[in-house]
Amino acid sequence: VGTNLLVSIAVAPVPAVPSEATHRVGLAALFAARRVRPDADVTLKWPNDLLLEGAKVAGILAQRSSSTDSLVVGLGMNIGWAPDDAARLGPSVSPAELLASILANLDRLPSDIGPTYRSELSTIGCRVRLEVPGGTFVEGRAVDVDDQGRLLVETDSGDTVAYDAGDVIHVRPLG
């Protein structure tokens, strides 16, 4: 009943834009979650979360090897248990079948995932508040993701600024 899916996926060689690896895993997990929960609203939140009905159901992180041309993408998906403020897919979902679907989806993704990734991001078009190091907050509208995987935010002053996932502590949607 309290079973979740925790998996690490090795990627080698590292893509020219390393964030592409997490975007690929995110899309594969998104499509797998939609298969097991076709009745639910499942979306991606930039840069590395999967949302179910607006609550976090999965997170994705990557660690690059300093000695080889590889990285490991870790995925944690709530299936049978979730913290109070998060979502879960439900105890009837088989972790093994979900993993098989994720891996099959990885194989089916096109070489250029940029348009698909952008179209699946619930962050795009939303007014957001970004917390960046130093306790600074930036507010504006998330307008796109560039070819480097950075979130483009049109600030309240009218400037469009690119934010790398490594430069952002939190991204929160605003009403």
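Within the group LEU44, LEU51, LEU27, which residue is touching a residue at least 12 places away in the same chain (Cβ under 8 Å), touching a Phe, Trp or Tyr at 6+ places or on another chain (Cβ under 7 Å) and aliphatic (A, V, I, L, M)?
LEU27
Criterion first (modelled with pLDDT of 90 or more, touching a strand residue (DSSP E or B) at 6+ places or on another chain (Cβ under 9 Å) and more than 20 Å from SER19 (Cβ to Cβ)) does ALA104 satisfy it?
no
Taking the conditions exactly as written (in contact (Cβ under 8 Å) with a residue 40 or more places away in the chain, among the charged types (D, E, K, R), over 23 Å from HIS170 (Cα atoms) and surrounded by fewer than 17 Cβ atoms within 10 Å (Cβ to Cβ)), does ARG64 satisfy them or not?
For ARG64, the condition - in contact (Cβ under 8 Å) with a residue 40 or more places away in the chain, among the charged types (D, E, K, R), over 23 Å from HIS170 (Cα atoms) and surrounded by fewer than 17 Cβ atoms within 10 Å (Cβ to Cβ) - is not met.
Residues of the range 20-50 being within 18 Å of ILE169 (Cα to Cα) and not in a helix (DSSP H, G or I), which ones?
Hits for the range 20-50 are LEU44, LYS45, TRP46, PRO47, ASN48, ASP49, LEU50.
Out of all the residues in the range 27-51, which are open to solvent by less than 10 Å² (accessible area, probe 1.4 Å) and at pLDDT 95 or above?
Answer for the range 27-51, where residues must be open to solvent by less than 10 Å² (accessible area, probe 1.4 Å) and at pLDDT 95 or above: LEU27, ALA28, ALA29, LEU30, ALA32, ALA33, VAL42, LEU44, LEU50.
Please specify each residue of the range 146-162 satisfying the condition of being within 19 Å of LEU50 (Cα to Cα) and in a strand (DSSP E or B).
LEU151
Residue pairs, Cβ under 9 Å, 6 or more apart or interchain, first in the range 113-139 and aromatic (Phe, Trp, Tyr), second open to solvent by 60 Å² or more (accessible area, probe 1.4 Å). List them.
Cβ pairs passing all conditions: PHE137/ARG129.
Suppose we filter VAL72, VAL14 for residues that are surrounded by fewer than 21 Cβ atoms within 10 Å (Cβ to Cβ), in contact with a strand residue (DSSP E or B) (Cβ under 9 Å, 6 or more places away or on another chain) and assigned to a loop (DSSP other than H, G, I, E, B); which single one remains?
Sole residue among the options that is surrounded by fewer than 21 Cβ atoms within 10 Å (Cβ to Cβ), in contact with a strand residue (DSSP E or B) (Cβ under 9 Å, 6 or more places away or on another chain) and assigned to a loop (DSSP other than H, G, I, E, B): VAL14.
I need the full set of residues from the range 107-145 which are within 14 Å of the chain's Cα centre (by Cα) and not in a loop (DSSP other than H, G, I, E, B), in order please.
Those that are within 14 Å of the chain's Cα centre (by Cα) and not in a loop (DSSP other than H, G, I, E, B): GLY114, THR116, TYR117, ARG118, SER119, GLU120, LEU121, VAL145.
Quick grid of which residues meet (1) of a type in the set (Phe, Trp, Tyr); (2) within 18 Å of SER119 (Cβ to Cβ):
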| position | (1), (2) |
| --- | --- |
| LEU6 | no, no |
| VAL36 | no, no |
| PRO47 | no, yes |
| ARG64 | no, no |
| ASP69 | no, no |
| VAL73 | no, no |
| MET77 | no, no |
| TRP81 | yes, no |
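So, in the range 121-142, exactly how many residues are modelled with pLDDT of 90 or more and among the basic types (Lys, Arg)?
So the answer is 2.
Of the residues ARG150, ARG118, which is at pLDDT 90 or above and more than 19 Å from VAL42 (Cα to Cα)?
ARG150
Hey, any hits in the range 77-87 for a residue that's open to solvent by 30 Å² or more (accessible area, probe 1.4 Å), part of a helix (DSSP H, G or I), over 25 Å from ALA16 (Cβ atoms) and not small (Gly, Ala, Ser)?
Within the range 77-87, none of the residues are open to solvent by 30 Å² or more (accessible area, probe 1.4 Å), part of a helix (DSSP H, G or I), over 25 Å from ALA16 (Cβ atoms) and not small (Gly, Ala, Ser).
The values are calculated or read from the model by the stated rules, or taken from the named source; none is laboratory data. Keep in mind it's a predicted model, so treat the numbers as computed, not measured. Please note: Cβ atoms are built from the backbone with ideal geometry, for glycine as well, and neighbour counts cover all protein chains shown. Just the protein is used for accessible areas: all its heavy atoms, side chains included, with ligands, DNA and RNA removed. Shrake-Rupley method; radii C 1.70, N 1.55, O 1.52, S 1.80 Å.
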